[in-house]
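K.L.:
My questions all concern the structure below.
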Amino acid sequence: MALRHAVLAALLDGEYSGYELTKTFDLGVANFWHALPQQLYAELSKLEKEGLVSGRQVVQETRPNKRLFQVTDAGREELERFAASPSKPSSIRDDLLVKVQTADRVGTVPVIEQLEERAAAAEAKIELLGKVLRNMRGEADEEEFLLRGEGIGGYLTCLRGLAFEQGHRDWCLRSAAILRERRTNRAER
């Protein structure tokens, strides 16, 4: 997947400025695709040149003017081609896993600390995703929303992000506890 498809998918929900797209990306798309604001602005420019999005200038009296972007028919066709193409299996690429792999051969204290920091970060993301999910479904309970709600794609990707963060938090906490216990056992020998 290229950043272009993530941007096009995010713009399906409406017309956004680059700033608004960045905020939308942070809340919804970032759980499966990370991009810096400058990457998003550059991608919007490329997509507009290719005719996959259209932009229009909005004059504002009390703020600087802004450009709003929306997906064009060609952009929708590109997303349809992308959706129909085979998906590659995902893989994990995480420097923390390399550090954990060395736990028997190097000091474990910094690794334990990093595992606990990562677990805390995952917990914060879990809380944020929970709020996003509650906002998306409004008054509906989850099962009702899953059957009849609008914006189900975004909801399902948030559910995946939530499951990822929960699993990551649990793994980090368990790994830190195991390494701490092994360190204690070695010190007692």
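Since every read-out is calculated from the coordinates, none of them should be taken as a lab result. Predicted model only: the values in this text are computed from it and were never measured. With ideal geometry, Cβ positions are generated from the backbone for all residues, glycine too; neighbour counts draw on all protein chains shown.
K.L.:
Pull out the extension gain between residue 87 and residue 188, defined as 0.36 nm times the separation in residues minus the alpha carbon to alpha carbon distance; nm, one decimal.
P.N.:
31.3 nm
K.L.:
Could you work out the local net charge near residue 84, counting Lys and Arg as +1, Asp and Glu as -1, over the other residues with Cβ closer than 13 Å to its Cβ? Can you show the working numbers first?
P.N.:
Values: positive: 76, 81; negative: 77, 78, 80.
Within the 13 Å Cβ shell, the charges total -1.
K.L.:
Going by a ≥ b ≥ c, the root eigenvalues of the Cα gyration tensor, does the stretch 36-76 fall in the rounded group (a/c under 1.5), the prolate group (a/b larger than b/c) or the oblate group?
P.N.:
Note, shape of the stretch 36-76 comes out oblate.
K.L.:
Along the Cα-to-Cβ line of residue 124, 7 Å from the Cα, sits a label point; which residues in the stretch 75-117 have backbone N less than 16 Å from it?
P.N.:
Residues 114-117 qualify, since their backbone N sits under 16 Å from the label point.
K.L.:
Return a whole-number percent for the relative contact order of the chain, with Cα pairs under 8 Å and 6 or more residues apart as the contact set.
P.N.:
22
K.L.:
What lysines does residue 99 reach when the alpha-carbon gap must be under 25 Å and sequence neighbours fewer than 8 apart in one chain are set aside?
P.N.:
Straight-line reach from residue 99, under 25 Å: 125.
K.L.:
Counting Lys and Arg as +1 and Asp and Glu as -1, what is the net charge of the other residues whose Cβ lies under 11 Å from the Cβ of residue 57?
P.N.:
Details: positive: 56, 66, 67; negative: none.
Net of charged neighbours comes to +3.
K.L.:
Need one word for the stretch 95-188: rounded, prolate or oblate. Basis is the Cα gyration tensor (sqrt eigenvalues a ≥ b ≥ c); a/c below 1.5 gives rounded, then a/b vs b/c decides.
P.N.:
Note, shape of the stretch 95-188 comes out prolate.
K.L.:
Sticking with this structure for a sec: With just the Cα atoms of the stretch 1-132, tell me how far they stretch along each of the three principal axes, in Å, largest first.
P.N.:
Dimensions of the stretch 1-132 along the principal axes of its Cα atoms: 58, 43, 26 Å.
K.L.:
Further question on the same structure: With a point put 7 Å past each Cα toward its Cβ, work out how far residue 96 is from residue 15 in nm, to one decimal.
P.N.:
Simple spin-label model gives 4.1 nm for this pair.
K.L.:
Between residue 80 and residue 171, 0.36 nm times their residue separation minus their Cα-Cα distance comes to what?
P.N.:
Details: separation 91, 0.36 × 91 = 32.76 nm, distance 3.62 nm.
Full-extension gain reported as 29.1 nm.
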